[in-house]
Amino acid sequence: MEGELLEGKCLFMCPLSEQTRLLAHEIKAVKEYARPAAGKAIDLNLIRPIDVLLKTIRYLIKSVANRQDKPWAAIYSFVSNRIRAIKQDLTIQRCKGNKAILVLELATRFYLCSELKMVDAPVEEFDPILNKEQLLDAIYKLLELYIDDTANCSNQAEFESYNMLYNLDTEGIKVRAMLMNTYFRESVIFQHALRICKAAWQKNYVRFFKLISKSSYLCKCAVLRHIYRIRREAIQTMNIAYGNRASRFPIEKLAQILQFKECSLAEEFSSAYGIEVTCNQLTFTKKPLIAFQDRRFNTIASTDDDISISAIIAPG
């Protein structure tokens, strides 16, 4: 019946029929994502209720994402597929409430972490467009759930911050940022994220990267996809401001200002734009720069690469 709320009947992380197909034990098997067949009735025996979904995503984050015996590309492929299946079950049942919020918070953090963990991975291992779609789907649904009067909104400022950073170049985000600012004036993470966004909007790249260097791991993940564009705008500004062949600009200083992990990356970045690099010195000329893009130049310095994934995604 249209409008009727459905509740799944599968009490395992993976339906028994799929466990048989996968020849897997119920404790280890996790339901795969599959596109719904058009016109096919929903089998509630294949749908997991919210308690099982929460148990499943916690298992994925605590036990699978933390594994050290597999490359992160393989872990990402497995976990992202299973989280997509979790979100599908949530949507079918139109789950709301605090447990659904917890599931979507964990999913959002996972997709954000993956932006950084897979930043220089080949497209065969990581599809940034698909990850973006799944991230936005999770965070938009999460922000909708926070609207409910009975919802646990203790982490809302955190996720509004990620939303603002991730979407800082989209239409309407400034309006939402100002609206949310009235609610989160006392939130340290929100105010820090807002300062980052304002620096980007004002094209103050020096302040932008200084703020990034003081950001949490997940805030860096959220803003990561804008790093290349802002570096490009910065180098264009510097090319005009310092465009005198008699002047030189140290590559080490450029790496520091634009938060490159290594001076060698800053040198590659500059050379790719057609800027002359000699003896670790840049020569700007005011000439139009070569247009190009390389995901390697989205990496940033001062990232806590050694911290465990579960500690980031599911702290406490």
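Remarks
- For the residues Thr299, Thr283, Thr278, the requirement of being of a type outside the set (Gly, Ala, Ser), touching a Lys or Arg at 6+ places or on another chain (Cβ under 8 Å) and modelled with pLDDT of 85 or more singles out Thr283.
- Pairs where the first residue, in region 198-226, is under 26 Å from Phe110 (Cα atoms) and the second is aromatic (Phe, Trp, Tyr), C-beta under 7 Å, 6+ apart: Ala200/Phe208; Leu218/Tyr162; Ala222/Tyr162; Ala222/Tyr166
- Among the residues of region 127-157, those that are out of contact with any Lys or Arg (no Cβ under 9 Å at 6 or more places or on another chain) and open to solvent by less than 40 Å² (accessible area, probe 1.4 Å) comprise Asn131, Leu135, Leu136, Ile139, Leu142, Leu143, Tyr146, Gln156, Ala157.
- Residues of region 117-126 satisfying the condition of being over 18 Å from Ile83 (Cα atoms) and open to solvent by less than 20 Å² (accessible area, probe 1.4 Å): Val119, Ala121
- If you check Ile312, Ile290 for being within 26 Å of the chain's Cα centre (by Cα) and either part of a helix (DSSP H, G or I) or touching a residue at least 12 places away in the same chain (Cβ under 8 Å) (or both), only one passes: Ile312.
- Of the helices (runs of 4 or more DSSP H) that lie entirely inside region 42-125, those containing 2 or more residues that are among the aromatic types (Phe, Trp, Tyr) and within 24 Å of Thr299 (Cβ to Cβ) span 72-93, 98-117.
- For region 137-185, taking the residues that are part of a helix (DSSP H, G or I) and among the charged types (D, E, K, R), the one that is farthest from Gln88 (Cα to Cα) is identified as Lys174.
- Where helices (runs of 4 or more DSSP H) fall wholly inside region 186-283, the ranges with 2 or more residues that are among the aromatic types (Phe, Trp, Tyr) and either open to solvent by less than 70 Å² (accessible area, probe 1.4 Å) or under 21 Å from Lys174 (Cβ atoms) (or both) are 188-201, 205-213.
- If you filter region 170-182 down to residues that are without any contact (Cβ under 8 Å) to a residue 24 or more places away in the chain and open to solvent by 40 Å² or more (accessible area, probe 1.4 Å), you find that the one that is nearest to the chain's Cα centre (by Cα) is Thr170.
- Pairs where the first residue, in region 125-140, is hydroxyl-bearing (Ser, Thr, Tyr) and the second is open to solvent by less than 70 Å² (accessible area, probe 1.4 Å), C-beta under 9 Å, 6+ apart: Tyr140/Asn163
The values are calculated or read from the model by the stated rules, or taken from the named source; none is laboratory data. No experiment lies behind these values; they were computed from the predicted model shown. Counting neighbours? That spans all protein chains shown, and the Cβs are built from the backbone with ideal geometry, glycine included. Note: areas computed on protein heavy atoms with side chains; ligands, DNA, RNA excluded. Shrake-Rupley method; radii C 1.70, N 1.55, O 1.52, S 1.80 Å.
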